[in-house]
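> One structure, as structure tokens, below. Some questions next.
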Amino acid sequence: MLHVNSISKTYHSKPALNDISLTVQHGESIGIIGESGSGKSTLGKIILGLDKPDQGEVHFRGNNLHTLNGKALKKLRRQLQIVFQDSAGSLNPKLPVWKSVVEPLENYPDVIPSFLKEVRHNRKKMAEVLFQKVGLSPELLERYPHQLSGGQKQRIAVARGITLEPDLLVCDEPTSSLDVSVQAQVLNLLKKLQKDLNLSFLFISHDIAAVQFMCERIVVLKEGLAVDSFLTEDLFSQSRHPYTKLLVEMSMEQENKIEENQHFYT
Amino acid sequence: MNIQMPRINRVPFFFKNQNLLIQCGIIFFIIITLTTLIGPFIVPNDPLTANMSERLAPPSSAYPLGTDHMGRCIFSRLIVGAQSTLGITALVVATVALIGIPIGLVIGYIGGRLDTVFMRVADGILALPEFILAIAIAGFLGPSLTNLMISIVFVKWIAYTRVVRSIVITERNKDYVQAAKVGGSSNWKIIRRHMFPQIVSPVLVLATLDIGKVILTISSLSYLGLGAQPPAPEWGAMLNDGRPYFQSAPELMIYPGLAIFFVVLAFNLMGEGLRDKWDVKSR
Amino acid sequence: MIENKTTATSENNLLVVENLSVTVRNSREKLIRNLHFSIPQGEIFGLVGESGSGKSLTATVILGMLSKSLEVTSGSVKLGQSEITSLSERELRNIRGKEIAYLSQNYQSFFTPFIKVGKQFIEIIRCHTDMSRKEARKVAIHWLNKVHLPAERVFNSFSDELSGGQLQRAAIASAIMFRPKLIIADEPTTALDVLTGERILDLLSELKEELNCSILLISHDLKHIINRTRTVGVMYGGRIVEIGKTSAVLANPIHPYTDLLLQSRLRLNKHIQHELPTMLGEPGLIAEEGCPFSKRCPSVRESCSNKVPMSSLGTHHSAACHLVKAEREERYVTR
């Protein structure tokens, strides 16, 4: 469905992405792991057509995303949506949140998502259904972003991401600015939605545990290079790239210490 | 899920005092507007009728504030003068906003070379002091209120464009604008729906504060003889008229001076109040 | 009660917070309620809690940087011999930076982007001492080396030429230059990935040994601080709901909040999970009366709406929850 063909991108004469290729099949979720500055967010922006690569192409359903424009691009874009990391910045502070959620639906009057069939004529009702889908009470519809908690805002951002029933949802660190207890809630929600709506995910994160939970395949980025790519069940395999191993080791070490501590007392 | 919000956004106590300031400003504002609108119909005397036998008369029941050097009723002239002073000011500020805001929105949003070119032009115009410009225009086109307005508008719109442009530039890179793009919103829609609400409050504040400044500019230019022409009652022109009699009859300058002072103060209070209020809310 | 015990017994406590309450001025809204904890010399104390728990606010009180709209209504904060809450602004400025160092989550904006990092170091040093530029440069290089940075290169760089980890290190270097007695690290690793984050924590523990200072480590994620601290306090709704030796708390988390916090942490698993264990509700959901967590608690009881006192469970562990009693009884029976 999505083919990223050896793209490169340079920012301020520093290479941000170097010859990255990947494919996403329908209904599949791919995780992109990398530390800050590894170019993972840039990759997400390029795939969404918000940024142009210096070299290489992105093909979505057979169309080159960066040569299209006008109506064709708009039509294609409908299938590509995003959930940003910073839930505070991704909602317009001066709009009641429900308006942000239904905005994409106004732009595509012909699109009738399966879960909005009955209410497609009424914007407020659509927002209500979407809120329900992401586990929010309809009381919050009229609130402004600053009146909501981080977790609630992120749920709203997720709701906006799925309004058009896209094929691919890019999640750029969707949980890393949230509290721990809320992280788990949002991840569960995303996973459930993926199943219900048969979405493909491009899940960008620096947290290997979150990626393991969410994704079937993982690509590891380091300084703009894809150093490793594998199925999630092979995460612990010996043939992993040393950098991947290091990441796994670090996380496991943390875990082991916690467990050791727990056993020490009991 | 039953969700209750932490109540953090309470207004701190020192704010209540500032609310008082806004309230004063607003009350002033209402009084001023009413005076401007209905004043001319209830004034005791015709502001233009000269009565040389009654010149420089002290306050009396016929002339509440006395008469000026031509025997005209000062009170009536002040009230009718409010209309020209404030009406022109409102017209100037509105024109300036109408020109400045759209240009700022477009330039800020599109950016790039257009932005660079605009900024150079703006710097050039801003380098001209508005007084000198007004004098120059008056020299070319002759002194009149219309020409005065043109010269003020010519310089002022840039301030609005700049404010709007800088807000748009910071906002346009934020995630919510990107999200709107991903959601298929056109540039026009993004400007209208996402950019415009961001600039409303800062521009309103700017305009309220500007009204005070424009009143002062009009009055001072009229005082210099470049604006309203006699015998039209305009506060600045009234000040000018009273100048020769400053020693013998200072009230000729004191009344219009006080009027300007209070109106400017009212608008400034309101502007500052609004700014404080909106600043907190945007946080 | 344990917190009284710890404050009373150990003479070598560097920081003692006693019965601290902070409210919004001219309102009854309490942001911190009756906070009790102490940090011994040379130890790392962890403070965990979600947003709105008051953990960062606690740090601001200790730094004496409380916003004008808030006020300390009761209690004391003692650093060594000095009582922070009653110091003047000038005295506080002296303490900040010299005796207490503060590391914020926002290391990205710690350095001005237009001035070279080294020059900013020299300025900070010359602000606090009367060293010459040359001497200051030496000191700066010394501390940059201490945090394992390529000192000369970083010294001559602009902040946007450094990576997140490097910036955080440089920020640490500038914070510890005056050998503070206490370092407050507010979410120092949250914005970093596992690798860089762990290395930063390694560095902090190493520096702690070297400078013999104490560290107050604040985080929303137990996972980040659990392996580094000797004692840990868990905050919810402005109150410490559980406090004790980290190992004891870990082994036997009594307060349901601590327990759920532990369970809902993200971890790598040999077997892929289908659903993560979660906590109900939002972090802002705080009960005004009684136990602040009672609105989200799975084992809530009627008595939770009354005031729940801290009760101890062993010498180094205590929690404010009715479950402590049950736990004690159980132990008694099994013995």
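The values are calculated or read from the model by the stated rules, or taken from the named source; none is laboratory data. The structure presented is a predicted model; accordingly, all values stated were derived computationally and were not measured. Here Cβ is always computed from backbone atoms with ideal geometry, including for glycine, and neighbour counts include all displayed protein chains.
> Out of all the residues in the range C:142-180, which are part of a loop (DSSP other than H, G, I, E, B) and of a type in the set (Val, Ile, Thr)?
C:147
> While we're here: If you check residue A:200 against the conditions, is it more than 10 Å from chain C (Cβ to nearest Cβ), small (Gly, Ala, Ser) and within 14 Å of the chain's Cα centre (by Cα)?
So residue A:200 passes the test.
> Quick check on residue C:264: is it of a type in the set (Gly, Ala, Ser), in contact with a Pro (Cβ under 8 Å, 6 or more places away or on another chain) and within 13 Å of chain A (Cβ to nearest Cβ)?
yes
> Six or more apart or on different chains, Cβ under 7 Å: which pairs go from a residue in the range A:234-245 that's without any contact (Cβ under 8 Å) to a residue 40 or more places away in the chain to one that's part of a helix (DSSP H, G or I)? Could you list them?
A:235/A:212; A:235/A:248; A:236/A:248
> Identify, from the list C:73, C:85, the residue that is hydroxyl-bearing (Ser, Thr, Tyr) and assigned to a helix (DSSP H, G or I).
None of the other options fit; the residue is C:85.
> On to the next question. What number of residues within the range A:203-224 satisfy the criterion of being at the interface with another protein chain (Cβ under 7 Å from one of its Cβ atoms) and closer than 16 Å to residue A:240 by Cα?
2
> Which of the residues belonging to the range B:33-72 are touching a Lys or Arg at 6+ places or on another chain (Cβ under 8 Å) and within 24 Å of residue B:264 (Cβ to Cβ)?
B:47, B:68
> Check C:282, C:242 and return the single one that is within 30 Å of residue A:209 (Cβ to Cβ) and within 12 Å of chain A (Cβ to nearest Cβ).
C:282
> In the range B:174-195, how many residues are more than 7 Å from every other protein chain (Cβ to nearest Cβ), closer than 14 Å to residue A:93 by Cα and not β-branched (Val, Ile, Thr)?
The qualifying residues number 2.
> Within the range C:88-105, how many residues turn out to be assigned to a loop (DSSP other than H, G, I, E, B), farther than 29 Å from residue C:189 by Cβ and not polar (S, T, N, Q)?
0
> To continue, here is another question. Output yes when any residue across the range C:112-119 is of a type in the set (Ser, Thr, Tyr), closer than 13 Å to residue C:171 by Cβ and assigned to a helix (DSSP H, G or I), and no when none is.
So far as the range C:112-119 goes, no, none of its residues is of a type in the set (Ser, Thr, Tyr), closer than 13 Å to residue C:171 by Cβ and assigned to a helix (DSSP H, G or I).
> Considering only the range C:279-311, state which residues are surrounded by fewer than 19 Cβ atoms within 10 Å (Cβ to Cβ) and either in contact with an Asp or Glu (Cβ under 6 Å, 6 or more places away or on another chain) or of a type in the set (Val, Ile, Thr) (or both).
The answer is C:300, C:305.
> Now a separate question. Inspect all residues belonging to the range C:203-218 and state whether any of them is under 27 Å from residue A:179 (Cβ atoms), among the β-branched types (Val, Ile, Thr) and modelled with pLDDT of 90 or more.
yes
> Right, residue A:194: facing another protein chain (nearest Cβ under 8 Å) and not in a loop (DSSP other than H, G, I, E, B) or not?
No, not satisfied.
> (1) in a helix (DSSP H, G or I); (2) loosely packed, with under 13 Cβ neighbours inside 10 Å: which one isn't true of residue C:139, the others all being true?
So residue C:139 meets the others, but not (2).
> Consider residue C:191 carefully, then state whether it is out of contact with any Phe, Trp or Tyr (no Cβ under 6 Å at 6 or more places or on another chain) and under 21 Å from residue C:61 (Cβ atoms).
Answer is no for this residue.
One line per residue, one yes/no per condition, for (1) crowded, with 22+ Cβ neighbours inside 10 Å; (2) under 19 Å from residue A:176 (Cβ atoms); (3) aromatic (Phe, Trp, Tyr); (4) free of Cβ contacts under 8 Å to residues at least 40 places away in the same chain:
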{"site": "A:5", "(1), (2), (3), (4)": "no, no, no, no"}
{"site": "A:8", "(1), (2), (3), (4)": "no, no, no, no"}
{"site": "A:12", "(1), (2), (3), (4)": "no, no, no, yes"}
{"site": "A:18", "(1), (2), (3), (4)": "no, no, no, no"}
{"site": "A:37", "(1), (2), (3), (4)": "no, yes, no, no"}
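> Can you tell me which residue within the range B:29-83, out of those that are in a loop (DSSP other than H, G, I, E, B) and basic (Lys, Arg), is farthest from residue B:273 (Cα to Cα)?
The qualifying residue farthest from residue B:273 (Cα to Cα) is B:55.
> Looking only at the range A:221-239, which residues are among the small types (Gly, Ala, Ser), assigned to a loop (DSSP other than H, G, I, E, B) and buried (at least 18 other Cβ atoms within 10 Å of the Cβ)?
Across the range A:221-239, the qualifying residue is only A:224.
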